[in-house]
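Participant: Right, I'll just put the structure down here and ask away after.
The values are calculated or read from the model by the stated rules, or taken from the named source; none is laboratory data. Since this is a predicted model, take the numbers as computed values, not measurements. As a convention, Cβ positions derive from the backbone with ideal geometry for all residues, glycine included, and neighbour counts pool all protein chains shown. When the accessible area is computed, the model is the full protein with side chains, heavy atoms only, and any ligands, DNA or RNA have been set aside. Shrake-Rupley method; radii C 1.70, N 1.55, O 1.52, S 1.80 Å.
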Amino acid sequence: IIDEQQLKKKLKKIQQVIMNFVNELDLSDQRVVSEAHTISQRAVILTQNQLRGKSNEDISAACLFIASKKFSYPITHKKFVGLKPVRERLFNKCVQIITKEENQNGVTIQPNLEPQCYLEKIGQGMSIKNCILQTAKQIVNNLKQLDVVKGEYPNTIAAAALKLSCDLYGHKVECEKLSQQAGITRGTLRNMYRTLLNYRGVLVLSLIHISEPTRLLSISYAVFCLKKKKLY
């Protein structure tokens, strides 16, 4: 038996938490906020079964996260699990359950931002030169063709590609700052960067055709240096 009054009270609390998180995350897109409220109206029904026992905070964060994905709003998974008192394991479970229910109801959840979008966001935050940014975008495109980073978070791919591009140009970049801008840990950045280095020959040599003739020698030399480069 569904107690409508209890559900209304539950929904009100969930939507209050959503607004608290919106303010905490400084989320400015009202489409995302409105969609999160709409999703919460369907999700509150699930608290009678699949979401039973899940906290209002975990459910609210999941609704907001799913809404942000739908509109490709540039915010990372890490930002949500960093909200207090959201618990990552239960948050992920809520996302899984609500997303499944949304898909069954014919609501399309768009994939999160492409790595190129994160490159723009990270590049602006770190004042990266346009030539470095364009090379990083080409690296990302090459990675897609190689199909070696399938299933990885786009912000992780973007950060590692930007790190590799900075190395090619001899531009020093603080890994701590880069990982923070991308919303990932330094260890995550390091692991993805190692993956890219395994394919450095293919990734870098394919960049020669987009580079100025005067830079061919420097790119070739960069390939040689990267072979012996120590990680961090």
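Participant: Would you mind computing the Rg to Rh ratio of segment 16-151 from its alpha-carbon coordinates, Kirkwood style for Rh?
Facilitator: Reported Rg/Rh, Kirkwood definition of Rh: 1.03.
Participant: How long is the gain from GLU152 to THR38 if the chain were fully straight, where each residue apart is worth 0.36 nm and the alpha carbon distance is subtracted?
Facilitator: Additional length available on full extension: 38.2 nm.
Participant: Per residue, how much accessible area does segment 63-107 have with a 1.4 Å probe, in Å²?
Facilitator: 51 Å²
Participant: Accessible area per residue of segment 1-51 at 1.4 Å probe, in Å²?
Facilitator: 62 Å²
Participant: To continue, here is another question. Express the carbon and sulfur contribution to the solvent-accessible surface of segment 112-170 as a percent, rounded to the nearest whole number, probe 1.4 angstrom.
Facilitator: Carbon and sulfur: 44 percent of the exposed surface of segment 112-170.
Participant: If I compute solvent accessible area with a 1.4 Å probe over the protein chains, what percent of it on segment 10-100 is carbon and sulfur?
Facilitator: So the carbon and sulfur contribution to the accessible surface is 47 percent.
Participant: Less than 22 Å apart at the alpha-carbon level, and either on another chain or at least 8 residues along: which lysines does that give for LYS54?
Facilitator: LYS8, LYS9, LYS10, LYS12, LYS13, LYS69, LYS78, LYS79, LYS84, LYS93, LYS100
Participant: Which FRET efficiency value, to the nearest 0.05, do you get for ILE45 and LYS144 by plugging their Cβ-Cβ distance into 1/(1 + (r/R0)^6) with R0 = 30 Å?
Facilitator: 0.20
Participant: For GLU174 and LYS13 in the same chain, what is the full-extension length gain: residue separation times 0.36 nm, less their Cα-Cα distance, in nm?
Facilitator: Residue separation times 0.36 nm, minus the Cα-Cα distance, leaves 53.8 nm.
Participant: Using 13 Å as the cut-off for backbone N distance, which residues of segment 48-80 belong to the label zone defined by a point 7 Å from the Cα of GLN96 along Cα→Cβ?
Facilitator: Inside the label zone: 51.
Participant: At 1.4 Å probe size, with no ligands or nucleic acids counted, give the accessible surface of GLU174 in Å², nearest ten.
Facilitator: Roughly 130 Å² of GLU174 is accessible to a 1.4 Å probe.
Participant: Please list 63-73, 137-147, 178-188 highest first by mean number of surrounding beta-carbon atoms within 10 Å per residue.
Facilitator: Packing order, densest peptide first, comes out as 63-73, 178-188, 137-147.
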